[in-house]
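Engineer: Okay, here's the structure, questions in a sec.
The values are calculated or read from the model by the stated rules, or taken from the named source; none is laboratory data. Quantities reported herein were computed from a predicted structural model and do not represent experimental measurements. Because the Cβ atoms are built from the backbone with ideal geometry, glycine has one as well, and the counts that use them run over all protein chains shown. Calculation scope for accessible area: heavy atoms of the full protein, side chains included, ligands and nucleic acids excluded. Shrake-Rupley method; radii C 1.70, N 1.55, O 1.52, S 1.80 Å.
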Amino acid sequence: MRVVIDRIEDGIASVELANGKILCVPAELFADCKEGDIVYITPDKEETEKKKHEVLIDVSSLFDN
């Protein structure tokens, strides 16, 4: 997903989506960015699988008493 950082004020970033909609999100999501920057947001499937595995281990340990 491609977003354009429209504004950053008071810790809030206004970003424009490809469909023209504007979302307000915490500016800390774009720590190294400035107004006008184009950012691509993509899922990290490898990290997602690692996290799912960690959660499964944690949950199963609750019931292995």
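Engineer: Under 9 Å between Cβ atoms, at least 6 apart or on separate chains: pull out the pairs that start in segment 20-33 with a residue that is in contact (Cβ under 8 Å) with a residue 24 or more places away in the chain and end on any residue that is assigned to a loop (DSSP other than H, G, I, E, B).
Structural biologist: Once the first residue is in contact (Cβ under 8 Å) with a residue 24 or more places away in the chain and sits in segment 20-33, its partners that are assigned to a loop (DSSP other than H, G, I, E, B) give Phe30/Asp37.
Residue-wise test of (1) open to solvent by less than 90 Å² (accessible area, probe 1.4 Å); (2) touching a strand residue (DSSP E or B) at 6+ places or on another chain (Cβ under 8 Å); (3) part of a strand (DSSP E or B).
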position	(1), (2), (3)
Val3	yes, yes, yes
Ile8	yes, yes, yes
Ala13	yes, yes, yes
Glu16	yes, yes, yes
Cys33	yes, yes, no
Glu47	no, no, no
Lys51	no, no, no
Val55	yes, no, no
Leu62	no, no, no
